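K.L.:
Below: one structure in structure tokens.
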Amino acid sequence: MKRISRLKIGVGAVVLVTVIAAVGAKVIASPTDSYLAYRKKVAAEVSAARMEDQADLDKKYAAEVNARLVKLVGTVKAKGFSGKAGGTVQSVVADDGMTPGPDGLFLKSDDGKVKLVVTTVPLLKAWAKTADAGLKPTDDVAVIFNNETLYTDVFSDDAAAFRFAELPVKRKPGDAVVKALLLGESQDGVPEGPNTLAVAVRQGERVYVLWRDVTVPGIAACSAGRVAEEQRQDCFAKHLPAQKGYPQLVSEGQAMVDDVVQ
């Protein structure tokens, strides 16, 4: 019988330990995966509970989920936002099949004019996986920022968001992903024009979505009597840069970007 050297035994043991460690590393869930698994678990518990117990149980779990969100997203530093951040989860169970925006933290600016949701890239992509928006979790963040459904779900005010124009804001730093859009909200078809300025920013693994009300004068060439409803948004995007108030809108969009980019 051949004798096996101690060296070979030692090498074999090292390889085995390395393989076990690698396998073990793969099964350790990320903080986001752990959060999403817990959220799914408690949603199932609420759905399985007696009807008379569901409301109280949902309220309890929503508070716990939001507490986990605060830890997962982390401290938010944004210019003009000094208030305490709260979780965006109102219920752990979907309301009438509607998809809420990405889980995150919500803040309102000190002057009350700007709203802000802060989330993470993994949570944004988890939303993209479930949203009825034609998106995939593998899509680039810039693609997700370009989708109207993101803003419809983030705003959560029972109206659909329609894109009218993109504003040319600068990215700082250069590797950030930034999108500034003029949006109009409506419950019944394309509105006459935009009423909301929204900015989405990805810096590192953080995602910021800010929005505020704006007043944008109508453009006669794009009015209901001049163009069909399905052409109104493209018409507005074409003619907006020539309007008197356009530089001010761009400036306001840039200021919103600068409020959150570190």
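K.L.:
Efficiency by 1/(1 + (r/R0)^6): what FRET value for LYS84 and ALA220, r their Cβ-Cβ distance, R0 = 45 Å, to the nearest 0.05?
P.N.:
Details: r = 45 Å, r/R0 = 1.01.
Once rounded, the FRET efficiency stands at 0.50.
K.L.:
Through the Karplus equation 6.51 cos²θ - 1.76 cosθ + 1.60, θ set to phi - 60°, convert the phi angles of segment 139-150 into ³J(HN,Hα) values in whole Hz; use x for Gly and Pro.
P.N.:
4, 5, 4, 4, 5, 5, 4, 8, 9, 4, 4, 4
K.L.:
While we're looking at this one, here's another question. Between GLN262 and THR138, what is the label-to-label distance in nm when each label sits 7 Å out along the Cα-to-Cβ direction?
P.N.:
3.1 nm
K.L.:
What shape does segment 25-103 take by its C-alpha gyration tensor, where a ≥ b ≥ c are the square roots of the eigenvalues and a/c under 1.5 counts as rounded, a/b above b/c as prolate, and the rest as oblate?
P.N.:
On the way: a/c = 2.25, a/b = 1.31, b/c = 1.71.
Cα axes put segment 25-103 in the oblate bin.
K.L.:
Using Cα positions and a limit of under 16 Å, work out the aspartates and glutamates in reach of LYS129, with same-chain residues fewer than 8 apart set aside.
P.N.:
ASP33, ASP103, ASP139, ASP140, GLU148, ASP153
K.L.:
Suppose R0 equals 22 Å. What FRET efficiency, 1/(1 + (r/R0)^6) with r the Cβ-Cβ distance, do ARG171 and ALA94 give to the nearest 0.05? Intermediate results must be reported in sequence, preceding the final value.
P.N.:
Details: r = 35 Å, r/R0 = 1.57.
According to the calculation, E is roughly 0.05.
K.L.:
With θ taken as phi - 60° and the coefficients 6.51, -1.76 and 1.60, list the Karplus ³J(HN,Hα) couplings across segment 129-136 in order, rounded to whole Hz; mark glycine and proline as x.
P.N.:
5, 9, 6, 8, 9, x, 9, 10
K.L.:
Order these peptides, 148-158, 168-178, by their mean beta-carbon neighbour count within 10 angstrom, highest first. Provide the component values of the computation, followed by the final result.
P.N.:
Details: 148-158: 18.3, 168-178: 13.8.
Result, highest mean first: 148-158, 168-178.
K.L.:
Rounded, prolate or oblate: which one fits segment 80-223, using the alpha carbon gyration tensor with axes a ≥ b ≥ c (rounded when a/c is under 1.5, else prolate when a/b beats b/c, else oblate)? Write out the running numbers ahead of the final one.
P.N.:
Working: a/c = 1.33, a/b = 1.20, b/c = 1.11.
It is rounded, given that a/c, with a ≥ b ≥ c, falls under 1.5.
K.L.:
Here is a follow-up. I'd like the distance between the alpha-carbon centres of segment 107-156 and segment 25-62, rounded to an integer number of Å.
P.N.:
If you average the Cα positions of each part, the centres end up 21 Å apart.
K.L.:
For a quick check, take a GNM of the chain with Cα springs below 10 Å and name the residue from THR99, THR215, THR119 with the largest mean-square fluctuation.
P.N.:
Evaluated over the chain, the most mobile residue of the options is THR215.
K.L.:
What order do you get for 122-132, 190-200 when each peptide is scored by the mean count of other beta carbon atoms within 10 Å, highest first? Let's see the in-between values first.
P.N.:
On the way: 122-132: 18.8, 190-200: 21.3.
In descending order of packing, they fall as 190-200, 122-132.
K.L.:
Given the pairs LYS108/LYS238; LYS71/LYS108; LYS77/LYS113; LYS60/LYS136; LYS77/LYS108, which are separated by over 24 angstrom at their Cα positions?
P.N.:
In this structure, LYS108/LYS238; LYS60/LYS136 exceed 24 Å between Cα atoms.
K.L.:
Anyone know which of VAL114, VAL46, VAL227 comes out most mobile in the 10 Å Cα GNM of the chain?
P.N.:
Among VAL114, VAL46, VAL227, the largest mean-square fluctuation in the Gaussian network model of the chain belongs to VAL227.
K.L.:
Please sort 106-113, 82-89 by packing, taking for each peptide the average over its residues of neighbouring beta carbons within 10 angstrom, highest first.
P.N.:
Details: 106-113: 14.1, 82-89: 15.8.
Going from most to least packed, we get 82-89, 106-113.
K.L.:
Along the three principal axes, how long is the chain when you take its alpha carbons, biggest first, rounded to the nearest angstrom?
P.N.:
That gives 96, 52, 38 Å along the principal axes, largest extent first.
K.L.:
Starting from the Cα of ALA37, step 7 Å along the direction of its Cβ; do the same at ALA255; then give the gap between the two resulting points in nm.
P.N.:
With each label placed 7 Å out from Cα toward Cβ, I get 4.6 nm.
K.L.:
Going by a ≥ b ≥ c, the root eigenvalues of the Cα gyration tensor, does segment 46-164 fall in the rounded group (a/c under 1.5), the prolate group (a/b larger than b/c) or the oblate group?
P.N.:
Working: a/c = 1.66, a/b = 1.16, b/c = 1.44.
Oblate, since a/c reaches 1.5 and b/c is not below a/b.
Bear in mind these aren't lab numbers, they're just calculated from the coordinates by the rules spelled out. None of the values given here were measured: they were computed from a predicted structure. Please note: Cβ atoms are built from the backbone with ideal geometry, for glycine as well, and neighbour counts cover all protein chains shown.
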